[in-house]
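Quick notes on the structure that follows.
The values are calculated or read from the model by the stated rules, or taken from the named source; none is laboratory data. A quick note: this is a predicted structure, and the numbers were derived from the prediction, not measured. Reconstructed Cβ throughout: ideal geometry from the backbone, glycine too, with neighbour counts over all protein chains shown. Ligands, DNA and RNA are stripped out before the accessible areas are found, and what is left, the full protein with its side chains, is counted by its heavy atoms. Shrake-Rupley method; radii C 1.70, N 1.55, O 1.52, S 1.80 Å.
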Amino acid sequence: MNIGIDIDDTITETTKLANAILHSDYKDLNISDYHELNKNDFAKFCKRHTPEIQKYMILKDGVLEVLNRFKDEGKKIYIITARGSKRMDFLIPITLDFLKNNNIPYDDIIFKQERKGDACKKLKIDVFIDDKESVLDEIKEKNASIRTIRFLNKPEESKHESIRSWFQISLK
């Protein structure tokens with residue numbers, strides 16, 4: 001079985017760290033999530049804080065146990081990420097160091113994948129796990145037979161199979 005997995009807010013708690021920085025450094029803003037920044041402020045925030053966020057984010061609870069179990073069961077793990085896109089190549093070595101330093105098991109990592117459906121098709125992905133509805137929609141559009149699982153980080157609805165914890169994943 002080939003499993004595709006996103007990094008940000010799927011393996012890691014990226015948004016939690018970004019929001020902690022937002023609330024620490026930008027106390028006068030009356031927003032709860034950095035995604036609520038206007039386009040210009042969002043770009044400035046990301047330019048200033050992305051390396052720090054990517055380097056110091058924490059893993060989601062249970063991710064190591066579940067990914068190690070997948071490897072023990074003989075499953076192939078492919079990390080498919082948009083990191084490195086849009087002149088953000090500096091994130092590639094930061095990402096590789098982060099994965100190594102946190103002992104994240106994987107067979108291959110594919111960077112610069114803003115549209116992940118083609119990579120999933122090429123790698124013959126059976127299951128793809130991501131936190132974004134639009135990403136999973138695009139993957140299903142490219143190949144309806146891929147099982148899509150959405151990692152929900154807040155209460156909301158999804159047309160995809162949904163989980164709120166790595167411990168909820170069952171792959172047979």
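With all protein chains present, how much of the accessible area of the chain (probe radius 1.4 Å) comes from carbon and sulfur, to the nearest whole percent?
Working: 4690 of 9610 Å².
Its accessible area is 49 percent carbon and sulfur atoms.
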Sites removed, the longest contiguous part of the chain containing no DSSP-loop GluC sites (Glu not before Pro) with at most 13 other Cβ within 10 Å is 1-72
Report, in degrees rounded to the nearest 10, the 0 to 90 angle that the Cα long axis of helix 133-142 makes with the longest principal axis of the chain. 40 degrees
Distance from a point 7 Å along Cα→Cβ of D107 to each backbone N in the stretch 63-95: keep the residues under 19 Å and list them by number. 64-81
Karplus-derived HN-Hα couplings along the stretch 108-122 (A = 6.51, B = -1.76, C = 1.60, θ = phi - 60°), whole Hz, x at Gly and Pro: 7, 10, 10, 8, 6, 10, 5, 10, 8, x, 5, 5, 4, 5, 4
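Rounded to the nearest 20 debye, what is the charge dipole size of the chain about its Cα centre when +1 sits on each Lys and Arg Cβ and -1 on each Asp and Glu Cβ?
The dipole of the chain has a size of about 480 debye.
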Compute the angle between helix 91-101 and the longest alpha-carbon principal axis of the chain, please, reported from 0 to 90 degrees and rounded to the nearest 10. 60 degrees
Holding the Cα-Cα limit at 29 Å, pick out from K27/K112; K122/K154; K75/K112; K39/K132; K27/K116; K47/K122 the pairs that are longer than that. K27/K112; K122/K154; K27/K116; K47/K122
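Length gain on complete extension for the stretch K44 to A144, per 0.36 nm per residue less the alpha carbon to alpha carbon distance? Could you put the intermediate results ahead of the total?
Details: separation 100, 0.36 × 100 = 36.00 nm, distance 3.75 nm.
Once the chain is fully extended between K44 and A144, it gains 32.3 nm.
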Given 99-105, 26-32, 45-51, the highest-first ranking by average Cβ count within 10 Å works out to 45-51, 99-105, 26-32
Accessible surface, per residue, of the stretch 45-172 when the full set of protein chains is kept, probe 1.4 Å, Å²: 57 Å²
Projected onto the charge dipole of the stretch 35-110 (+1 at Lys/Arg Cβ, -1 at Asp/Glu Cβ, origin at the Cα centre), which of F90, I79, V66 gives the Cα projection farthest towards the positive end? F90
Helix 63-72: angle to the longest alpha-carbon principal axis of the chain, degrees 0 to 90, nearest 10? 20 degrees
Which of the aspartates and glutamates could a cross-linker span from K140 if the Cα-Cα distance has to be under 13 Å and same-chain partners fewer than 8 positions apart are dropped? D118, D126, D130, E161
To the nearest 500 deg cm²/dmol, what mean residue ellipticity at 222 nm is calculated for the chain from DSSP H runs of n ≥ 4 alone, each contributing -39,500 (n - 2.57), summed and divided by the residues? -12000 deg cm²/dmol
Taking Cα pairs closer than 8 Å and at least 6 residues apart, the relative contact order of the stretch 25-172 in percent is 18 percent
What distance in nm separates the two pseudo spin-label positions at E157 and N2, each 7 Å out from Cα along the beta-carbon direction? 3.4 nm
Please get the size of the charge dipole for the stretch 2-94, origin at its Cα centre, with Cβ charges of +1 on Lys and Arg and -1 on Asp and Glu, quoted in debye to the nearest 20. 380 debye
A student applying the Cα gyration tensor rule (rounded when a/c is under 1.5; otherwise prolate if a/b is larger than b/c, oblate if not) would label the chain prolate
